[in-house]
2 protein chains.
Amino acid sequence: MRTQVVTIHDVARAAGVSPATVSRVFNGGRVTPERAQSVQQAAAELGFAPNRLARSLRKQRSSVIALIIPDIENPFFTSLARGVEDAAQRTSLSVVLCNSDEDTDKERRYLEVALGEQMAGVIVAAASQDDTDLGPLIARGVPVVAVDRRPHDAEVDAVRADDQHGGEVATRHLLQAGYRRIACITGPEGASTSEERLAGYRAALHAARSEGIAADDAYVRHADFRVEGGRAAMRELLALPEPPDAVFVTNNLMTIGALDALAEAGRTPPGVGVLSFGDVPWASLVRPSLTAVELPSYELGRAAADLLLQRMEGSAAPLQTVVLRTRLQIRESTAGPVASD
Amino acid sequence: MRTQVVTIHDVARAAGVSPATVSRVFNGGRVTPERAQSVQQAAAELGFAPNRLARSLRKQRSSVIALIIPDIENPFFTSLARGVEDAAQRTSLSVVLCNSDEDTDKERRYLEVALGEQMAGVIVAAASQDDTDLGPLIARGVPVVAVDRRPHDAEVDAVRADDQHGGEVATRHLLQAGYRRIACITGPEGASTSEERLAGYRAALHAARSEGIAADDAYVRHADFRVEGGRAAMRELLALPEPPDAVFVTNNLMTIGALDALAEAGRTPPGVGVLSFGDVPWASLVRPSLTAVELPSYELGRAAADLLLQRMEGSAAPLQTVVLRTRLQIRESTAGPVASD
DNA sequence: TATGGGGGTGAAATCCTTTTCACCAGCAGG
DNA sequence: CCTGCTGGTGAAAAGGATTTCACCCCCATA
């Protein structure tokens, strides 16, 4: 059986010291300069690379953190991932990405890996509010930060956007633009973002009921946060006897699907108003340009990582939830029904 | 100091057997059924989760594989990642993603992590042809597969697309469509995909030199495979005394930048022909629709993972390179200069 | 000249699991 | 009745690092 090419013992022997001293050289213990020197040299000559497993096993903590996201093909999450990476960059930590694919089973497996590999920390955008069990990690004392999505019985720090408020502002904007039959395509039940953006929509419609706006859920559809789901939901809405004249779509990918379905039916914004929660990727290419609730994806990742790092450094501050502001960016797709109807 | 919540010893004690037996229960050794039963039960009651570090340390091999990609924000690579995951899915392996950000330093760090964590295998889309050093991994006997990009002194299995051929077909198509001053925006020098797609372009132009097509590199620009780089390169080309009438862009993101720059200059395809190597994400929203060399991103990941799994099972077949076919998908953006000039 | 203290060092314990090895019991065949 | 297997088991080693602990040396202070 093949074994570790060169271990700390080999270095120790080559440098004429004990393994303990070699370890101290690499971990900032007190060693006389000339000894340190010769250890460094021996290590370099032998091409010594420390066995991180052994190190982590002993230290009860590895030096990688896990970022678990539900959809790696969604630019929102990849941008968030960049934020996490950039924050971790300044430390010696490595970030590994795990794609749960909105699947609680896969997610559970990754959480087990994170636990079993003694990862130093975990940032998770939960696939589900209820089925995501962070208990074992927390029990083990592993720092955990929830990002974007909030697990239900959250005994963890969290970083998220003001989803409900954003949904409300978005819907209000559609009303002000003159749309009257406003639909909402939202994500799966059980995802907090899904629910809260929808709650914002409902609140705005409810507030406008005196103007004869219906606030029942006839125009609400739950889909899957993906392109296909958005397309299917939009088709359904267009097939109604009295189709909506605007749609608030609660994520970027579903907006793409919805736009497809609209094009297919020969309708285009702003004749039918379209408003996306979260910028559509490479929005510059989309004509007409899209009104969207801008989601600070990168900053969410960044903030989550900062919080995690604080905890890893031992901060015992009470649990906190950081809420980042969204901003409505008004463009052509919600110019109002009269403009082109 | 906090220690592992429950170890194999605790389970052993609870079940009245030795640790060795517990291990055998979980690893398919021979154990009498009733003993196995009581071990299972004890483990469940105590909430035993094996320490994967200790296991990997002893086995000299962990059960995760690393996928190192140069740009997590490029949908091509995320789709490739999905392919890898789906293939790994059927085994007990977990995939962790590492984003090297086209930065050989970051990449080196991740390669060190893969080595130090004794990962079971590595799939890498190299940030550079020359500076990516897979030597240590190979020396350690870790299976490695290069995907998409080919490291230069490749002592590894590889899976890639027929880049040169695709580039040639693409350029020929532009010529046939009637374009005469065809530019090429390609990626960084040192990336094999960059070079080979460019080589295809050159070959096609060279073959057409009898028709008075210039085959010097006056219209060639190297950029960074990102949106910004594509935009800048296109601006430069448009500022030439005699700007090109078509452009072959060697990746999807740079195409987006190029389209932006064109729009900014008031030009649109197919007046200026635009052909992308690799589908632009959510191409359905782009008007006019884009001619592209379709790159089987998902299948590349899938094939790479399959190859890696074979090696991990001990296949001693000679090194192989799998080349997947690309396909030119003709759409509106290369309809020809006369059509709208 | 003693005493105390601090810095540097190595032996050995530790982290948790897998795996080797020795052993035992039970059974089949000579 | 003895030999030879085979299947099941536990003790102990192995895997490679970190860290505790005891120790030694040297210098400063009483």
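Just a few scattered comments:
- Among the residues of B:89-101, the average count of other protein chain beta-carbon atoms within 10 Å of the residue beta-carbon is 4.
- All alpha carbon pair distances within chain A were sorted into 20 Å bins beginning at 0; the resulting P(r) in whole percents reads 28, 43, 20, 8, 0.
- Efficiency of FRET from Cβ geometry, B:SER289 and B:GLN37, R₀ 56 Å, rounded to 0.05: 0.35
- A:GLU155 label point (Cα plus 7 Å toward Cβ) to equivalent points in the other copies: 5.1 nm, shortest first.
- Distant-in-sequence amide H partners of A:ASP224 (H built 1.01 Å from N, under 5 Å): A:GLY229, A:GLY230
- Working from Cα pairs under 8 Å separated by at least six residues, relative contact order for chain B is 17 percent.
- Counting all C-alpha pairs of the range A:180-252, share separated by more than 21 Å (%): 21
- Highest-MSF residue in chain B out of B:ALA170, B:ALA292, B:ALA14 [GNM, Cα springs under 10 Å]: B:ALA14
- log10 of Debye I(q)/I(0), alpha-carbon scatterers only, for the range A:203-243 at 0.19, 0.20, 0.21 Å⁻¹: -0.67, -0.71, -0.75
- B:LEU93 long-range amide H proximity, modeled H, under 5 Å: none
- Most simply put, the protein assembly as shown has about 10% antiparallel DSSP beta bridges, counting only bridges with both residues inside it.
- For A:ALA126, the amide hydrogen comes within under 5 Å of the amide hydrogens of A:VAL147, A:ARG149, counting only partners 5 or more places away or on other chains and with H modelled in the peptide plane.
- In terms of packing, defined here as the mean over residues of other Cβ atoms within 10 angstrom, the peptides A:86-97, A:123-134 line up highest first as A:123-134, A:86-97.
- Values of log10 I(q)/I(0), in the order q = 0.08, 0.10, 0.11 Å⁻¹, for the protein assembly as shown under a Debye, Cα-only, solvent-free model: -0.70, -1.04, -1.19
- Reported value for the range B:55-98: 61 Å³ per residue, from the convex hull of its C-alpha atoms.
- The Cβ shell under 10 Å around B:ALA208 holds other residues with a net charge of +2, Lys and Arg each +1, Asp and Glu each -1.
- At least 24 Å along the helix axis (C-alpha) and Kyte average at least 0.0, DSSP helices within chain A: none
- Residue-by-residue Karplus 3J(HN,Hα) for the range A:218-224, coefficients 6.51, -1.76, 1.60, Hz, glycine and proline x: 4, 9, 9, 10, 9, 10, 10
- Estimated from the Cβ-Cβ distance and a Förster radius of 25 angstrom, the FRET efficiency linking A:ALA44 and A:SER315 is about 0.10.
- Choice from A:VAL249, A:VAL220, A:VAL22 with maximal GNM fluctuation in chain A (Cα, 10 Å cutoff): A:VAL22
- Centre-to-centre, using Cα atoms only, the range B:178-223 and the range A:279-329 are separated by 41 Å.
- For the range A:8-50, taking the reciprocal of the average inverse distance between every pair of different Cα atoms yields a Kirkwood hydrodynamic radius of 9.7 Å.
- Packing rank of B:273-286, A:103-116, where each peptide gets the mean count of other beta carbons within 10 Å, highest leading: B:273-286, A:103-116
- Percentage relative contact order, the range B:8-50, counting C-alpha pairs under 8 Å, at least six apart: 42
- Dividing the helix sum by the residues of chain A, where each DSSP H run of 4 or more adds -39500 (n - 2.57), gives a mean residue ellipticity at 222 nm of -13000 deg cm²/dmol.
- Counting Cβ atoms of other protein chains within 10 Å of each residue's Cβ and taking the mean over peptide B:270-283 gives 2.
- Shortest first, A:GLY314 label-point distances to identical copies amount to 4.9 nm, with the label point at 7 Å from Cα along Cα→Cβ.
- Two-decimal log10 I(q)/I(0) for the range A:12-115, as the Debye equation yields it once each C-alpha is a single scatterer, q = 0.24 Å⁻¹: -1.25
- Net charge of neighbours whose Cβ lies under 12 Å from the Cβ of A:SER63, counting Lys and Arg as +1 and Asp and Glu as -1: +2
- Measure of compaction for the range A:44-183 (Cα Rg per 2.2 N^0.38 Å): 1.32
- Copy-to-copy label separations for B:ALA215, where each label sits 7 Å from Cα toward Cβ, in nm and ascending: 7.3
- Cα-centre dipole for chain A with unit charges at Cβ (Lys and Arg positive, Asp and Glu negative), debye to 20: 1460
- Shielding by partners - mean other protein chain Cβ count within 10 Å, residues of B:71-84: 3
- Structural size metrics of the range B:1-72, computed from C-alpha coordinates, are Rg and Dmax of 15.4, 52 Å.
- Size estimate for the range A:133-254 follows the Kirkwood approach: the inverse of mean 1/r over distinct Cα pairs works out to 15.5 Å.
- For the range A:1-154, the relative contact order is 19 percent, taking Cα pairs closer than 8 Å that sit 6 or more residues apart in sequence and dividing their mean separation by the residue count.
Bear in mind these aren't lab numbers, they're just calculated from the coordinates by the rules spelled out. Note that the coordinates shown come from a computational prediction; the quantities given were computed from them, not determined experimentally. In this analysis, Cβ positions are derived from the backbone assuming ideal geometry, glycine residues included, and neighbour counts consider all displayed protein chains.
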